[in-house]
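A short worksheet on the structure shown next.
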């Protein structure tokens with residue numbers, strides 16, 4: 001495409017290598033002024049790398065960059081900001097005990113005589129920009145006292161305060177409720193109507209369809225094309241992204257719940273600061289049923305799962321698995337009682353990255369006689385077991401079962417964990433954020449695995465921050481807020497909006 005001032009950003013033939021790995025291989029991006037442009041791709045496709053080149057965090061090894069029709073070179077975020085480019089990262093960069101105003105002006109402080117900080121004038125300027133763009137935020141509120149959605153507005157205001165005409169939003173809806181997502185889309189459209197250009201990195205196809213004007217697809221570091229969103233659909237976007245048909249909706253038969261496998265009553269748990277975060281939680285999960293926990297991060301999900309796994313001490317209450325109390329025993333006791341867990345962070349808790357695929361496949365089970373005697377592992381038997389899992393679960397190490405887990409893609413690492421956990425046929429499978437950071441192809445595999453385990457008769461507890469996932473996969477949806485279950489519904493009897501309201505603390509049981 002020819003260079004034109006009609007485009008806010010044009011990146012042509014962008015190449016970026018890391019050692020021998022070519023992360024971007026001649027990628028093009030043409031973003032029209034006053035539009036919302038989405039960038040879509042699998043994990044590791046190069047989306048964030050491309051935007052980091054635009055923002056000056058990385059320098060390209062090849063290609064050209066044009067802003068408003070003029071060729072430029074951006075070698076740092078400072079230069080990007082001078083060129084009118086702002087970036088809101090997925091993990092917000094805010095000082096929690098500073099006010100909204102202090103965060104917005106940080107690094108661009110308003111000073112009076114003798115270089116003294118003039119907070120009154122700074123506040124006036126913040127109020128002015130808040131009113132100009134309709135981003136309703138209390139300039140005097142502490143960051144730690146406002147919602148995640150409001151914190152995101154502060155990040156956007158920071159970029160606007162510095163004169164950004166083009167805003168890059170990295171996974172902007174990852175931690176928002178449905179209501180906050182709707183508000184963000186309205187904010188983006190309002191910004192576009194006032195002359196701004198928005199680039200969003202996201203894997204959420206539904207949100208691309210509801211917000212973006214155009215979408216550029218990248219696959220394995222290569223440009224696959226740009227589509228007019230109004231002329232496409234979710235299925236077409238997904239197939240372009242992964243190169244094959246992907247079933248976007250979970251196909252499953254109705255659940256046939258059996259006996260109660262997990263029974264939690266009046267559970268109270270403190271976090272690592274000694275603050276009670278699980279406050280009388282009660283929950284049942286039956287055999288042949290998936291119970292999904294919907295909630296905003298930080299409402300006690302991590303602590304109540306850790307209590308099930310006996311990684312933290314429960315202050316009071318009971319946790320029973322098939323009638324046997326397991327609270328405040330040991331992680332080994334949890335495993336031997338028939339509980340398997342897919343942890344939220346596969347790198348920290350799910351795998352020993354320097355270990356081979358084979359060695360990781362028998363973690364928690366290495367003491368079984370079939371894998372060796374005493375403290376010695378029979379590596380031949382371990383590798384034979386791993387080869388079976390690799391074939392059954394379509395794990396794709398670049399070499400063989402002896403490849404270190406660190407060398408696998410995120411999707412294949414998750415497959416190793418799921419294969420290991422479900423191969424023991426647990427009575428209860430606890431899956432925490434099982435599709436975090438995965439592309440639609442890997443997500444499809446994970447969901448099918450959960451359904452297969454449910455149909456085998458296992459009880460499944462799904463804890464996810466992805467509301468679409470909870471709504472689509474679960475048979476029963478339980479909403480957690482402030483350490484308690486505040487509502488429980490059969491699938492199909494409640495809307496996303498109703499769930500979102502309960503997640504945010506509104507409504508009642």
Among beta bridges that DSSP assigns inside segment 260-503, antiparallel share in %, nearest 5: 55
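Kindly work out what percent of the DSSP beta bridges joining two residues of the chain are antiparallel, to the nearest 5.
Details: 50 of 87 bridges.
The antiparallel proportion sits near 55 percent.
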The chain: angle of helix 410-422 to the longest principal axis, Cα-based, in degrees nearest 10: 20
Mean Cβ neighbour count within 10 Å, used as a protection proxy, ranking 130-137, 468-475 highest first: 468-475, 130-137
P(r) weight above 22 Å for segment 260-503, C-alpha pairs, percent: 53
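For n ≥ 4 DSSP H runs only, could you compute -39500 (n - 2.57) per run for the chain, divide by its residues and tell me the 222 nm figure to the nearest 500?
Calculated at 222 nm, the ellipticity per residue is -9000 deg cm²/dmol.
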Cα-based helix-to-principal-axis angle, 148-161 vs the chain, degrees rounded to 10: 20
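Could you please rank 82, 33, placing first whichever residue has the fewest other Cβ atoms within 10 Å of its Cβ? Intermediate values should be presented prior to the final figure.
Details: 82 13, 33 17.
So the residues, fewest neighbours to most, are 82, 33.
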Additional length obtainable on full extension of the chain from residue 349 to residue 194, 0.36 nm per residue less Cα span: 51.2 nm
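Where a number appears in this text, it was derived from the coordinates with a stated rule and is not lab data. None of these values were measured; they are calculated from a predicted model. Ideal geometry is used to build each Cβ from the backbone, glycine not excepted, and the neighbour counts take in all protein chains shown.
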